[in-house]
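These notes concern the structure reproduced below.
Bear in mind that the values in this text are calculations on the coordinates, not laboratory data. Remember, predicted model here, so these are calculated numbers, not experimental data. Heads up, the Cβs are rebuilt from the backbone with ideal geometry, glycines too, and the neighbour counts pull from every protein chain shown.
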Amino acid sequence: MTKRFENKVVAITGAAGGMGLAFARHFAAEGAALILTDVDKAGLVETEAALTKEGARCSTHVVDLAVENEIHKFATEVASQHEGMDVLINNAGLAYGQVAFSFESLTQAQWLKLLSVNTVAPLLLAQALRAPLARAKGVVLNVSSMAANLPGTAYGVTKAALNAMTYGMASVFGADGIRVNAIAPGLMETPAARDNLPAETYQRIQSQQMLKVHGTADDIAALGVFLASDEARFITCEIISCDAGSRLRGWRG
Ligand SMILES: NC(=O)c1ccc[n+]([C@@H]2O[C@H](COP(=O)([O-])OP(=O)(O)OC[C@H]3O[C@@H](n4cnc5c(N)ncnc54)[C@H](O)[C@@H]3O)[C@@H](O)[C@H]2O)c1
């Protein structure tokens, strides 16, 4: 059977582990050449070692997406090496710690930092890579969250704004034939989710699902492969949930 991403270039942010690693594995299995980035150098080295052992082709780049210069430096380097970019997955995000706080306690500087990584960086990076994306009639996938539906925390607000950003990006980038969609995961079993959510919260969120199954990073990566493929060529400007039916009630108490 033909692999769907043979001779295609796929860039993934937040690739040091968790969902980013799952995206990398799924696209590598479909024949893609991978460009992997993260701010976490040690995690990226581990990812590269694991993927190379599995036979994947990848390059790695340490990039802090909160720093605009670093985004441009990375994009320039990538564009000099690849004429076209088929897929950009904006998976990196701040999901735990400060961003999980409610509204009352955050300063303006903290808000701006969180928004810059979760909401603005996906646009800046896609814009910086627009020429190679346009040449390949590429696809951008933003990783949002079900938390956008009830933004009772800074995290939810940044992801709700990312949904709006996705609509805007799809509208503007569509002129170049670039499709832009977002995936909104529910509770997915990644090391970061396991380590950072209290067991009680984890169980409460899971108990709200319509399906009593555990979500995994592979569920999200499989959806990403479909949305980035030609099978989804008529889909753009959508926020697609993958959350076992949690969309409307996932984070409610
Ligand atoms: N796991 C879940 O249940 C879940 C649910 C909904 C949405 N999400 C979203 O999925 C994505 C991946 O989540 P995950 O569970 O794999 O968590 P994760 O923390 O393992 O992944 C996020 C990655 O982003 C990187 N990152 C953070 N700040 C960065 C910066 N300034 N520059 C570059 N990289 C940076 C981190 O180093 C990390 O590798 C995130 O956007 C998260 O908000 C996760």
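Below, the figures for the structure above:
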item	result
Check on GLN108, within 25 Å of ALA228 (Cα to Cα), more than 15 Å from the ligand (Cβ to nearest atom) and of a type in the set (S, T, N, Q)	no
Residue match in the stretch 130-142 (condition: within 13 Å of the ligand (Cβ to nearest atom), surrounded by 20 or more Cβ atoms within 10 Å (Cβ to Cβ) and not in a helix (DSSP H, G or I))	yes
Qualifying residue in the stretch 113-123 (condition: more than 9 Å from the ligand (Cβ to nearest atom), crowded, with 19+ Cβ neighbours inside 10 Å and among the polar types (S, T, N, Q))	yes
Meets criteria (more than 10 Å from the ligand (Cβ to nearest atom), surrounded by fewer than 16 Cβ atoms within 10 Å (Cβ to Cβ) and closer than 30 Å to VAL157 by Cβ) for HIS26	no
Candidate set: the stretch 202-237, residues that are β-branched (Val, Ile, Thr) and touching a Leu at 6+ places or on another chain (Cβ under 9 Å); chosen: the one nearest to the ligand (Cβ to nearest atom)	ILE205
Qualifying residues in the stretch 4-17 (those that are within 15 Å of the ligand (Cβ to nearest atom) and more than 10 Å from THR47 (Cβ to Cβ)) - the one surrounded by the most Cβ atoms within 10 Å (Cβ to Cβ)	ALA11
Members of the stretch 171-196 found to be buried (at least 17 other Cβ atoms within 10 Å of the Cβ) and more than 8 Å from the ligand (Cβ to nearest atom), listed by number	PHE173, ILE178, ARG179, VAL180, ASN181, ALA182, ILE183
Candidates SER102, SER144, filtered to the one that is of a type outside the set (A, V, I, L, M, F, W, C), within 24 Å of ALA24 (Cα to Cα) and either out of contact with any Gly (no Cβ under 6 Å at 6 or more places or on another chain) or touching a residue at least 60 places away in the same chain (Cβ under 8 Å) (or both)	SER144
Residue in the stretch 49-62 that is under 25 Å from ASP195 (Cβ atoms), aliphatic (A, V, I, L, M) and free of Cβ contacts under 8 Å to residues at least 12 places away in the same chain present	yes
Hits in the stretch 78-99 - residues which are without any contact (Cβ under 8 Å) to a residue 60 or more places away in the chain and closer than 24 Å to LEU187 by Cα	GLN98, VAL99
Residue list for the stretch 223-244, filter: in a helix (DSSP H, G or I), hydrophobic (A, V, I, L, M, F, W, C) and under 17 Å from LYS159 (Cβ atoms)	LEU223
Positions within the stretch 206-218 being of a type outside the set (S, T, N, Q), in contact with a strand residue (DSSP E or B) (Cβ under 6 Å, 6 or more places away or on another chain) and surrounded by fewer than 19 Cβ atoms within 10 Å (Cβ to Cβ), in sequence order	HIS214
Residues within the stretch 205-222 that are closer than 15 Å to GLY245 by Cβ and either in contact (Cβ under 8 Å) with a residue 24 or more places away in the chain or in a loop (DSSP other than H, G, I, E, B) (or both), tallied	10
Which numbered condition TYR202 misses (of (1) part of a helix (DSSP H, G or I); (2) surrounded by fewer than 19 Cβ atoms within 10 Å (Cβ to Cβ); (3) in contact (Cβ under 8 Å) with a residue 24 or more places away in the chain)	(3)
First in the stretch 181-193 and farther than 16 Å from SER207 by Cβ, second anywhere and part of a strand (DSSP E or B) and near the ligand (Cβ under 6 Å from one of its atoms), Cβ under 6 Å, 6 or more apart	ILE183/VAL143
